[in-house]
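Let me begin by presenting the structure, written as structure tokens, before commenting on it.
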Amino acid sequence: MARPDFSLSVQYASGAGELPNRAQIRRWVAAALEQPAEITVRIVDAEEAQALNQDYRDKTYVPNVLTFEYGEIGHDESGRGVLGGDVVICAPVVEREAREQNKSPKHHYAHLTIHGVLHLQGYDHIDPAEAEIMESREIAILKQFHLPNPYLS
């Protein structure tokens, strides 16, 4: 199956050290997409992540990833709906969680980017059955990059 067309903007708003490059993020997004999309991936520091979480979700903690889904924002030339959305990843949380989970930051960035892109497409993990579907998609996509299952201890 051909990969859908997409537009990607990558924004770096963090001074963290081991950030993925644009090409890596593009490959992760492409692997997770199932329909055309316009996506921004923004890597931020804790202050911005916490402010967004507070403003949009009324939560006070610093999240590892936030997804803002805008639904269909138009149609491509073949008439397919084009999704719009933002994936915001908090660099300090990624680095801390990677250390705690004994994995490389790059692997964790890949997982969270894929996780966020799946959320844009309607995947969720609140209900256990939906979580199983979403996690199995994440594992399969990560496997394409020879990355380990992030849900194994």
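Every number in this text was worked out from the coordinates using simple rules, so none of it is lab data. Computed from a predicted structure; not experimentally measured. Quick reminder, even Gly has a Cβ in these numbers, built from the backbone with ideal geometry, and neighbours come from all protein chains shown.
Count Lys and Arg as plus one, Asp and Glu as minus one, and take only other residues whose Cβ is under 15 Å from that of Asp76; the net charge is then -3. Couplings 3J(HN,Hα) of the range 109-121, computed from phi: 4, 4, 4, 5, 5, 4, 4, x, 5, 5, 4, 4, 9 Hz, in residue order, whole Hz [Karplus 6.51 cos²θ - 1.76 cosθ + 1.60, θ = phi - 60°; x for Gly and Pro].
If you take all other residues with their beta carbon under 13 Å from the beta carbon of Glu132, and give Lys and Arg +1 and Asp and Glu -1, the sum is -4. Our coupling estimate for the range 7-17, obtained by passing each phi through the Karplus curve with A = 6.51, B = -1.76, C = 1.60 and θ = phi - 60°, is 10, 10, 10, 10, 10, 10, 10, 9, x, 4, x Hz, Gly and Pro reported as x.
The H on the amide N of Lys59, modeled in the peptide plane, is under 5 Å from the matching H of Gln54, each at least 5 residues off or on a different chain. Residues whose amide H falls under 5 Å from that of Val82, counting only those 5 or more places apart or on a different chain, are Ile73, Gly74, His75, Asp76, with hydrogens built in the peptide plane. A simple rule links phi to the HN-Hα coupling: the Karplus curve 6.51 cos²θ - 1.76 cosθ + 1.60 with θ = phi - 60°, which for the range 134-148 gives 5, 5, 5, 5, 4, 4, 5, 5, 4, 4, 4, 9, 6, 9, x Hz, with x for Gly and Pro. Which of Val87, Val41, Val62 ends up with the largest GNM mean-square fluctuation for the chain, with Cα atoms connected below 10 Å? Comparing Val87, Val41, Val62 in the GNM, the peak value goes to Val62.
Remark: the range 1-53 is approximated by an ellipsoid whose semi-axes, taken from the C-alpha gyration tensor as √(5λ), come to 25, 13, 8 Å, largest first. In terms of overall dimensions, the C-alpha atoms belonging to the range 93-133 reach 29, 18, 14 Å along their principal axes, ordered largest to smallest. For Leu147, no residue whose modelled amide H falls within less than 5 Å of its own remains once neighbours fewer than 5 places apart on the same chain are excluded.
Taking other C-beta atoms within 10 Å as the exposure proxy, Asp55, Asp45 rank Asp55, Asp45 from fewest upward. Per residue of the chain, the DSSP helices (runs of n ≥ 4 H) give a summed -39500 (n - 2.57) that works out to -13500 deg cm²/dmol at 222 nm.
Shown for the range 6-144 is the translational diffusion coefficient from the Stokes-Einstein equation, using the Kirkwood radius over Cα pairs, a temperature of 37 °C and a viscosity of 0.692 mPa s: 214 µm²/s.
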